[in-house]
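Okay, so here's the structure we're looking at.
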Amino acid sequence: MTVAAQQAGTRVPAGVKPRRSFSLARHGTLLASLGILAGFLLLWEFLPPALDVPKFIIPTVSDCLVELKRMWFQERLFSHTMSTAFYTVLGFAIGSALGAVMGYLLGMSAFWEKVLSPYILALQIAPKVAFAPLFIMWFGYNAMPKLLVTVLIVFFPVMVNVLQAMRTVDRDLVNLARAYKLSRWGIFRKIEMPSTLPNLMAGLRIASTLAVIGVTVGELVGGNTGLGFLISYGGGQANAAMVFNAILFLTLIGIVLYTVLARVEEKILHYLPKAEH
Amino acid sequence: MALEYRGVSKDFVTNPDNPLTAVRDINFRVEEGEFVSIVGPSGCGKSTILSMTAGLYQPTRGEVFVSDERVVGPNAHVGFMLQKDLLLPWRSIVSNIEFGLEARGVGKAARRERAMKELRHCHLDGFENHFPYQLSGGMRQRAALARTLAIDPEIILLDEPFSALDAQTKLLLQNSFGGTIAAAGKTTLLITHDLAEAVLMSDRILVLSERPGTIVAEIRIDLPHRDQPLKRRVLPEVSRYAAELFGHLKLEEKAL
Ligand SMILES: Nc1ncnc2c1ncn2[C@@H]1O[C@H](COP(=O)(O)OP(=O)(O)OP(=O)(O)O)[C@@H](O)[C@H]1O
Ligand SMILES: [Mg+2]
């Protein structure tokens, strides 16, 4: 907002801060973040050699980049990454769909929720990744075990979030819908489903980060594809740079999935008032 | 007549040994087009009466009739509004107003037309595509009234619709509701804590006792301008009616 524009009588809506200082603050945080990254990379490049830490313990940034090139051309890094990304998304989709359906079903039946809640709690606490070796015993060295671990790990946060939200749907809204003679299905579709959407989206965001863990553990424990496999392979060869690079790519997969979900959430939940900065 | 209570009592059984009687032996009638208010101490069962009229739950004893039909469940004759506007935050204002019509098999175009008409009656022109969070509390209550009127109910039930608003907005909204309801010719039951509000808006006021609530007084307000509470407000008789209500509620004794 320039002085000239203000003098010209342009109306400034309440709560909107002048543009310039806003973007300055934004650039400020961006610059600071980039500064920290640069500092970290520099330290990583020069500190380990200065302290005589061997390359197979902590490779430098340039070692990692050299290794990255080698992995790309000789270890089929791209196809391993695609495989991991595929199973992450697939496991995430199946697990969260099952979790959401289960959450809604239990949310509609107080009886079954009470009956099942101790088992749900127990399963929720049990470390899901520890099931991986069992799944390999049952299904062999194929894609099934990692998919199952992912589905299992994704299922609970989604289900619990949905169930929690179903319990707290505004009774008066439901009564209003009843007074308007909406059917049970109509109440679900027009009141309960949209009311629980923010919680569902929050559950999906948590689940997206867990999905990467599920697939990685599945690949670590058995199989010969995916970034998890590259980690255990690189670890076996004392190739720390390879492990570092695989971790980097796993993180990227997680970030992409999370960002897509956050964008979708912002679109869908546009009607929630945004907090002022 | 539009609404009749015949010997209605309501018990809530949360603790089987000691059921709680919310209201006891309520008898009253509301004629068509009449505006009746119910006042009474907190917890005396006012909202319970509203819920039973809307058919959300059944009386323990006695019967409720709306338009000569016994109320056995939610029905198309009544529309209700609470202190909370109960607008769906994920819907635009116009689509909120349409909400009640959707379960009634009204076609899409007809729904939109009805909703836009009520929107204008409630002075919300230009806000149809806004979302509830973008409206003030007073505008949201007007949108809720538009939604209630859109289904063309025979009776409108209002449960303290103005009590969350500041004093000025309240006066303006009472005036706007009074006008809109009179123009639509709707039978109305208003539940309120505000004695002045009851006097300004009603044809008749029912006073409930402490819980278990029963009707202890009935006051007819013989004043003009029911459709313009702001005009009625300046009449000298208003304070006399308020004082009478004050006496029936035994507020002076309680203050001691
Ligand atoms: N669903 C319910 N289950 C059990 N008790 C209830 C229920 N609804 C209301 N009550 C009880 O019935 C009594 C009357 O409640 P009600 O909400 O009708 O009071 P009210 O007159 O509307 O009060 P207020 O003026 O504070 O809104 C209260 O004691 C309340 O605790
Ligand atoms: Mg009440």
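Rule-based calculations on the coordinates, nothing more; no lab input. Everything numeric in this text was worked out from a predicted model, so none of it was measured. Here Cβ is always computed from backbone atoms with ideal geometry, including for glycine, and neighbour counts include all displayed protein chains.
Kirkwood analysis of the stretch B:59-192, using all unique Cα-Cα pairs, places the hydrodynamic radius at 15.3 Å.
Panel note: the C-alpha atoms of the protein assembly as shown, placed on their principal axes, show extents of 97, 69, 56 Å (largest first). Here the protein assembly as shown carries DSSP beta bridges of which approximately 50% are antiparallel, counting only pairs with both residues inside. Using a cutoff of 8 angstrom between alpha carbon atoms and counting only pairs six or more residues apart, the relative contact order for chain B works out to 24 percent.
Amide H contacts for B:T187 (H built 1.01 Å from N in the peptide plane; partners 5 or more residues away or on another chain; cut-off under 5 Å): B:G33, B:I156. Restriction of the trypsin sites (Lys or Arg not before Pro) in the stretch A:210-277 to DSSP coil positions whose beta-carbon has at most 12 other beta-carbons within 10 angstrom yields A:K274.
Within the straight-line cut-off of under 24 Å between alpha carbons, the lysines reachable from A:K190 are A:K181, A:K267, A:K274, B:K84, B:K108, B:K117, sequence neighbours fewer than 8 places apart in one chain being disregarded. Are there chymotrypsin sites (Phe, Trp or Tyr not before Pro) in the stretch B:1-87 that DSSP puts in a loop and that have at most 14 other Cβ atoms within 10 Å, and which ones? Of the chymotrypsin sites (Phe, Trp or Tyr not before Pro), the ones in loops of the stretch B:1-87 whose Cβ has at most 14 other Cβ atoms within 10 Å are B:Y57.
Computed over the stretch B:194-256, the P(r) curve from all C-alpha pair distances, binned at 10 Å from the origin, holds 22, 50, 23, 5 percent per bin.
In order along the stretch B:25-40, the phi-based Karplus estimate (6.51 cos²θ - 1.76 cosθ + 1.60, θ = phi - 60°) of 3J(HN,Hα) comes to 6, 8, 10, 6, 10, 10, 7, 4, x, 7, 10, 10, 10, 10, 10, x Hz; Gly and Pro are listed as x.
Computed from phi, the 3J(HN,Hα) profile of the stretch B:83-96 under the Karplus parametrisation 6.51, -1.76, 1.60 (θ = phi - 60°) reads 4, 6, 6, 6, 6, 7, x, 8, 10, 5, 4, 5, 6, 5 Hz, with x in place of Gly and Pro. Ignoring solvent entirely, what values of log10 I(q)/I(0) come out of the Debye formula for the stretch B:111-180 at 0.16, 0.20, 0.25 Å⁻¹ when each Cα is a single scatterer? The calculated log intensity ratios at q = 0.16, 0.20, 0.25 Å⁻¹ are -0.54, -0.84, -1.26. So if the hydrodynamic radius of the stretch A:163-228 is defined as the Kirkwood radius over C-alpha pairs, what does Stokes-Einstein give as its diffusion coefficient at 10 °C and 1.306 mPa s, in µm² per second? D, rounded to a whole number, is 109 µm²/s.
Taking amide H atoms as placed 1.01 Å from N in the peptide plane, the amide H of B:L208 lies under 5 Å from those of B:V39, B:G40, B:V216, each 5 or more residues away in sequence or on another chain.
Taken along its principal axes, the alpha carbon cloud of the stretch A:38-158 reaches lengths of 65, 31, 26 Å, longest axis first.
The three principal axes of the C-alpha atoms in the stretch A:53-98 carry coordinate ranges of 47, 24, 12 Å, sorted with the longest axis first.
With helices as the sole contributors, chain A gives -26000 deg cm²/dmol at 222 nm; each DSSP H run of n ≥ 4 counts as -39500 (n - 2.57), and the sum is divided by every residue. Residue-wise HN-Hα couplings along the stretch B:211-224, as the Karplus relation 6.51 cos²θ - 1.76 cosθ + 1.60 with θ = phi - 60° gives them from phi, are 5, x, x, 9, 7, 9, 7, 9, 10, 8, 9, 9, 10, x Hz; Gly and Pro carry x. Counted as membrane-span-like here are DSSP H helices of chain A whose alpha-carbon atoms extend 30 Å or more along the helix's own axis and whose Kyte-Doolittle mean is -1.0 or above; these are A:19-50, A:77-108, A:143-167, A:193-221, A:240-268. Rg/Rh, computed from the Cα trace of chain B with Rh as the Kirkwood radius, has the value 0.97. Only lysines eight or more places from A:K146 in sequence, or on another chain, were considered; those with a Cα closer than 24 Å are A:K128. Close amide-amide hydrogen proximity is noted between B:V23 and B:K10, B:G213, each under 5 Å apart and 5 or more residues distant or on a separate chain (H modeled in the peptide plane; Pro and chain starts excluded).
Rounded to a whole number of µm²/s, how large is the Stokes-Einstein D of chain A at 20 °C and 1.002 mPa s, given Rh as the Kirkwood radius over C-alpha pairs? My calculation gives 95 µm²/s for D. Is the stretch B:43-95 best put as rounded, prolate or oblate by its Cα gyration tensor, with a ≥ b ≥ c the root eigenvalues, rounded for a/c under 1.5, and otherwise prolate when a/b is larger than b/c, oblate when not? Oblate shape, in that a/c is at least 1.5 and b/c is the bigger or equal ratio. Which residue, A:A132, A:A240, A:A38, tops the fluctuation ranking in a GNM of chain A built on C-alpha contacts under 10 Å? Looking only at A:A132, A:A240, A:A38, the largest GNM fluctuation is found for A:A38. Just so you know, the Cα atoms of the stretch B:132-229 work out to an Rg and Dmax of 13.9, 43 Å.
Quick check on the stretch A:127-277: what are the equivalent-ellipsoid semi-axes from the Cα gyration tensor, as sqrt(5λ), descending, whole Å?
40, 19, 10
Bridging of A:K55 to aspartates and glutamates at a Cα separation below 19 Å is possible for A:E45, A:D63, A:E67, once same-chain residues fewer than 8 apart are set aside.
With respect to chain B, whose longest principal axis is taken over its alpha-carbon atoms, helix B:237-248 is tilted by about 50°.
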